[in-house]
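Novice: One structure coming up, written as structure tokens, with questions to follow.
The values are calculated or read from the model by the stated rules, or taken from the named source; none is laboratory data. Fair warning: this is a prediction, and the values are worked out from it, not measured in the lab. Quick reminder, even Gly has a Cβ in these numbers, built from the backbone with ideal geometry, and neighbours come from all protein chains shown.
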Amino acid sequence: MNDMQSFLIANPKGGAGKSTLATNLAGWFALQGQRVMLGDIDRQQSAREWLKLRSPSLPHIASWELQEDQPARPPRGTTHVVLDTPAGLHGKKLAQVLKLVQRVIVPLQPSLFDILATRAFLDELLEEKAVRRHEAFIAVVGMRVDARTRASHELERFLETQGLPVLTCLRDTQNYVQAAAHGLTIFDFPPSRAEKDWEQWQPIFEWTTRPLNDAR
């Protein structure tokens with residue numbers, strides 16, 4: 001996948017918002033006219049199930065190309081790959097997946113348990129060869145964040161200690177839940193409904209389109 005833009009959405013904590021981030025990122029790329037593949041590295045195959053719900057009239061998002069006795073691969077001509085991951089991703093499996101991607105986005109919710117679990121994961125990420133050799137770049141996105149809460153401030157303090165870019169914080173809204181239930185993304189909604197969410201995604205778009213040398 002070296003000639004493609006490739007993104008890994010990862011956090012070992014279940015319910016961190018990985019699928020929400022992965023499906024919406026893929027949806028935005030598709031809306032820009034890119035040839036996008038959304039793939040699971042997850043036995044639950046939640047991304048594949050979401051794709052089954054997606055209307056053919058919406059910007060197309062492909063899945064893995066599966067052939068008998070062949071490893072799964074992106075369809076020919078794919079320009080952007082977004083990979084969703086399971087809870088508990090670490091060790092050798094994490095190292096293998098990092099070799100396939102250029103950028104890693106870590107979704108993180110503002111709870112003590114999420115922060116503790118993610119702190120160890122970020123330490124592990126930073127020790128991986130692909131990251132130390134600057135072959136993969138990492139950023140964090142706050143998920144379901146209400147800026148008025150104490151938990152939000154705790155999250156901000158934690159992220160400041162990590163030395164990693166915090167791209168943005170996405171609000172806690174039913175837009176994501178309702179979109180997912182119908183194979184949609186927030187970018188398939190009209191501006192009157194989702195413009196506030198689109199604005200929160202702008203820093204993510206800027207980071208994903210920045211040259212790799214500037215992505216740190």
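Novice: Quick one: would you say Leu83 is in contact (Cβ under 8 Å) with a residue 60 or more places away in the chain and part of a loop (DSSP other than H, G, I, E, B)? Let's see the steps before the verdict.
Specialist: Working: in contact (Cβ under 8 Å) with a residue 60 or more places away in the chain: yes; part of a loop (DSSP other than H, G, I, E, B): no.
No.
Novice: For the range 179-215, give me each residue that is in contact (Cβ under 8 Å) with a residue 24 or more places away in the chain, surrounded by 14 or more Cβ atoms within 10 Å (Cβ to Cβ) and not in a helix (DSSP H, G or I).
Specialist: Gly183, Leu184, Thr185, Ala215 - these are the residues of the range 179-215 that are in contact (Cβ under 8 Å) with a residue 24 or more places away in the chain, surrounded by 14 or more Cβ atoms within 10 Å (Cβ to Cβ) and not in a helix (DSSP H, G or I).
Novice: Now for a separate question. From the set of residues in the range 57-79 that are in contact with a helix residue (DSSP H, G or I) (Cβ under 9 Å, 6 or more places away or on another chain) and in a loop (DSSP other than H, G, I, E, B), which is modelled with the lowest pLDDT? It would help to see each step written out before you state the result.
Specialist: Narrowing the range 57-79 to residues in contact with a helix residue (DSSP H, G or I) (Cβ under 9 Å, 6 or more places away or on another chain): 58-64, 79.
Now drop any that are not in a loop (DSSP other than H, G, I, E, B), which leaves 58-60, 63-64, 79.
On the way: Leu58: 96, Pro59: 95, His60: 95, Ser63: 90, Trp64: 86, Thr79: 95.
The selected residue is Trp64.
Novice: Could you check Thr161 against (1) surrounded by 13 or more Cβ atoms within 10 Å (Cβ to Cβ); (2) among the hydroxyl-bearing types (Ser, Thr, Tyr); (3) more than 26 Å from Leu100 (Cβ to Cβ); (4) out of contact with any helix residue (DSSP H, G or I) (no Cβ under 7 Å at 6 or more places or on another chain) and say which number it fails?
Specialist: The single condition Thr161 does not satisfy is (1).
Novice: Among what's in the range 126-154 and is touching a strand residue (DSSP E or B) at 6+ places or on another chain (Cβ under 6 Å) and outside any loop (DSSP other than H, G, I, E, B), pick the residue that is surrounded by the most Cβ atoms within 10 Å (Cβ to Cβ).
Specialist: Only one residue fits best here, namely Val141.
Yes/no per residue for (1) surrounded by 18 or more Cβ atoms within 10 Å (Cβ to Cβ); (2) more than 20 Å from Val140 (Cβ to Cβ); (3) in contact with a helix residue (DSSP H, G or I) (Cβ under 8 Å, 6 or more places away or on another chain):
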site	(1), (2), (3)
Ser6	yes, no, no
Ile9	yes, no, yes
Trp28	yes, no, yes
Ser55	no, yes, no
Val81	yes, yes, no
Pro107	yes, no, yes
